[in-house]
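Below are the structure tokens for one structure; questions will follow.
The values are calculated or read from the model by the stated rules, or taken from the named source; none is laboratory data. Owing to the predicted nature of the structure, the values given are computational and were not obtained by experimental measurement. Using ideal geometry, Cβ is built from the backbone for each residue, glycine included, and neighbour counts are taken over all protein chains shown.
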Amino acid sequence: MGRAQFEHPPSPSSGLVITMLEIRDLVAAPARKVAPVLQGVSLQVGRGEKVAILGPSGAGKTTLFRAISGFVPVLSGSITVDGVSVQGLRGARLRDLRRRIALISQRHDLVDRLRVHQNVMAGALGRWSTLHALRFLLHPKPDELDEAARALDRVGIPQKLKSRTSDLSGGEHQRVAIARALVQHPLLLLADEPVASLDPELSGQILSLLTSLAQENGFALLCSLHQPHLAHQYFDRIIKFEAGKIQQDGPPSKAEVRA
């Protein structure tokens, strides 16, 4: 199981259908939980597929994302990302997997005291040495700034390259987090309540951006939401979670809309 397994898959034009994520009969719980949070979860997500996960707080959505990333132990069942089994990975192999799974949270997880380009290029830390990262903080190379600028251009805020992150608006923070995810060149992007703190107009803009980028770049997108109407508007497929189990999985046309 080497690095070659995490190379970019074929482009959508190849006509190949590639499963990026496969979960079978997953039972999982954070280390401090006595009872499993996820109970028998099974699903498949293909390359370029855009999936919304709906469910109340405590339903298990965040635990699912953390289990996929290898942060929550799998008690039984299996998780594979691009054919690589998550459970049992350690050290460099686990870091290699996480390098290709981008995570965007409602808190954005940006460092406000850094410049925007520094936060964006944090997406490259998985492939940089510690010395490389320190050198970048002090003296970024032109090609590194160019990569950050291209990512920011794709999310619509190229003018913010050298801005202080603390000066950004909420919507701009989220766009920087998305740009950072693009720099990771992910196979799979997990967006955990990415619009929870945004107003309706900005929420639509961010979800439109995320789903468009998934289509263009071919990464699989899983996005947890509390707003069913947004799931119906922007996603190909809706999964409803309740008490750690999947209650419904299908296209928006077959899912109920409830506020």
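Looking at residue 88, is it part of a strand (DSSP E or B) and in the same structural domain as residue 32 (by TED's automatic domain parsing)?
Values: part of a strand (DSSP E or B): no; in the same structural domain as residue 32 (by TED's automatic domain parsing): yes.
Judged against the criteria, residue 88 is not a match.
When residue 41 is evaluated against the numbered criteria (1) at pLDDT 85 or above; (2) assigned to a loop (DSSP other than H, G, I, E, B); (3) among the aliphatic types (A, V, I, L, M), which criterion, by number, is the only one it fails?
Here residue 41 meets the rest and fails (2).
Taking the range 120-140 on its own, how many of its residues are over 21 Å from residue 95 (Cβ atoms) and exposed (fewer than 11 other Cβ atoms within 10 Å of the Cβ)? Spell out how you get there, then give the answer.
Keep residues of the range 120-140 that are over 21 Å from residue 95 (Cβ atoms), which gives 138-140.
Cutting the leftovers down to exposed (fewer than 11 other Cβ atoms within 10 Å of the Cβ) gives us 138-139.
Number satisfying all stated conditions: 2.
List the pairs whose first member sits in the range 156-181 and is within 14 Å of residue 115 (Cα to Cα), whose second member is of a type in the set (Asp, Glu) and outside any loop (DSSP other than H, G, I, E, B), and whose Cβ atoms are under 6 Å apart, counting only residues at least 6 apart or on separate chains?
Every condition considered, the pairs that remain are 157/172.
Please work out which residue is nearest to residue 225 (Cα to Cα), limiting yourself to the range 52-97 and to residues that are over 14 Å from the mean Cα position of the chain (by Cα), small (Gly, Ala, Ser) and surrounded by 20 or more Cβ atoms within 10 Å (Cβ to Cβ).
My answer is 55.
When you go through (1) surrounded by 14 or more Cβ atoms within 10 Å (Cβ to Cβ); (2) closer than 25 Å to residue 185 by Cβ; (3) at pLDDT below 90 one by one for residue 36, which number turns out not to apply?
(2)
What tally of residues in the range 194-226 results from selecting those that are of a type in the set (D, E, K, R) and either under 14 Å from residue 173 (Cα atoms) or assigned by TED's automatic domain parsing to the domain that holds residue 154 (or both)? Break it down stepwise before answering.
Here is the first cut: in the range 194-226, the residues of a type in the set (D, E, K, R) are 199, 201, 216.
Still in the list and also either under 14 Å from residue 173 (Cα atoms) or assigned by TED's automatic domain parsing to the domain that holds residue 154 (or both): 199.
Number of matching residues: 1.
May I pose another question? Restricting to the range 129-147, what's the tally of residues that are touching a helix residue (DSSP H, G or I) at 6+ places or on another chain (Cβ under 9 Å), outside any loop (DSSP other than H, G, I, E, B) and either under 16 Å from residue 184 (Cα atoms) or not aliphatic (A, V, I, L, M) (or both)? Write out each step before concluding.
Applying the first criterion (touching a helix residue (DSSP H, G or I) at 6+ places or on another chain (Cβ under 9 Å)) to the range 129-147 yields 132-133, 136-137, 140-141, 144-145, 147.
Narrowing further to those that are outside any loop (DSSP other than H, G, I, E, B): 132-133, 136-137, 144-145, 147.
Checking which are either under 16 Å from residue 184 (Cα atoms) or not aliphatic (A, V, I, L, M) (or both) leaves us with 132-133, 136, 144-145, 147.
Going through the range 129-147 one residue at a time, the tally reaches 6.
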